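Some notes on the structure that comes next.
The values are calculated or read from the model by the stated rules, or taken from the named source; none is laboratory data. Quantities reported herein were computed from a predicted structural model and do not represent experimental measurements. A quick note on method: Cβ atoms are made from the backbone with ideal geometry, for glycine too, and the neighbour counts reach across all protein chains shown. The protein model used for the area step is the full one, side chains on, heavy atoms only, and it has no ligands, DNA or RNA in it. Shrake-Rupley method; radii C 1.70, N 1.55, O 1.52, S 1.80 Å.
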Amino acid sequence: MYDTIKVLASQLLMPLPVSLGLMASGLALMAWRCRRAGVAAAAIGLAILVLASLGGVAERLLGPLEARHPALEALPEEGLAAVVVLGGGWRPEAPRSSVSRLNDSSAIRLMEGIRLWRQSPELPLVVTGASRDPDIAPVARGYAAAAAELGVPEGRLMVLDWPTDTGLEAQAVREALGEGARVVLVTSASHMPRSMRHFRQAGLEPLAAPTHYLTQHDQGGQLRHWVPSATHLRKSERALYEALGLLAVGWEHED
């Protein structure tokens, strides 16, 4: 129940639902002859939607999250217990190849994990993640199938297919590898700050390996960067979602 409430709350606090809610409230207020309040609410809703859809705003919101941990070019020579790839999304029933069933973030995470694992192939490659929907097979199994086809031996794969969120993934890795294990943590760059906090709180020693960057710092001077776009709105949503997630991690830890 807590997980459902958490997911629902995070979705309702995204810019698009908030904007539509304010504009709908504004129209209702105007219908009730509260014209000034109605216009103000609708204008605020529209402003939020437009601002969140601008590249310049979205990049400034998401950029600091993605830049918090530098990219990992090479593994340290010793002291690692595993390379860990965090779960994402996939479409297990799609009539596609194992790699193509993974969504963009999952595919890029797995590719980065395998790239790093190949530098120390004696390490286990840990793939994690389940779905909150019991009718959808765990993404960890999708990772395992794709990794096997990409040349990772079955004996080097460790599949943790029960955790449904990042906190549970950290706990699963701790149970599998032991407290204090030093692991390379592969996930999307925007998700990395929250993931690192979860893994440290679980008693692990994570080494950040961010990937799947969404910001594009070289486009700030282009006019289209300041034209409202669904792509930029998605970046703003991602930044807000991760900011809310970081707050939630802090509250859970205090409890």
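Which of the residues belonging to segment 164-175 are touching a Pro at 6+ places or on another chain (Cβ under 9 Å) and not β-branched (Val, Ile, Thr)? Of everything in segment 164-175, those that are touching a Pro at 6+ places or on another chain (Cβ under 9 Å) and not β-branched (Val, Ile, Thr) turn out to be 169, 170, 171, 172. The criterion of at least 3 residues that are of a type in the set (Phe, Trp, Tyr) and in contact (Cβ under 8 Å) with a residue 12 or more places away in the chain is met by none of the helices (runs of 4 or more DSSP H) falling completely within segment 1-95.
What helices (runs of 4 or more DSSP H) completely inside segment 135-245 contain at least 3 residues that are within 22 Å of residue 72 (Cβ to Cβ) and in contact (Cβ under 8 Å) with a residue 60 or more places away in the chain?
166-177, 192-201
If the condition is being open to solvent by 40 Å² or more (accessible area, probe 1.4 Å), at pLDDT 95 or above and of a type outside the set (A, V, I, L, M, F, W, C), then segment 69-99 contributes 70, 73. For segment 187-203, the condition of being open to solvent by 40 Å² or more (accessible area, probe 1.4 Å) and under 18 Å from the mean Cα position of the chain (by Cα) holds for at least one residue.
Condition first: touching a strand residue (DSSP E or B) at 6+ places or on another chain (Cβ under 9 Å) and among the hydroxyl-bearing types (Ser, Thr, Tyr). Now tell me which residues in segment 169-216 satisfy that. Answer for segment 169-216, where residues must be touching a strand residue (DSSP E or B) at 6+ places or on another chain (Cβ under 9 Å) and among the hydroxyl-bearing types (Ser, Thr, Tyr): 187, 188, 190, 195, 211, 213.
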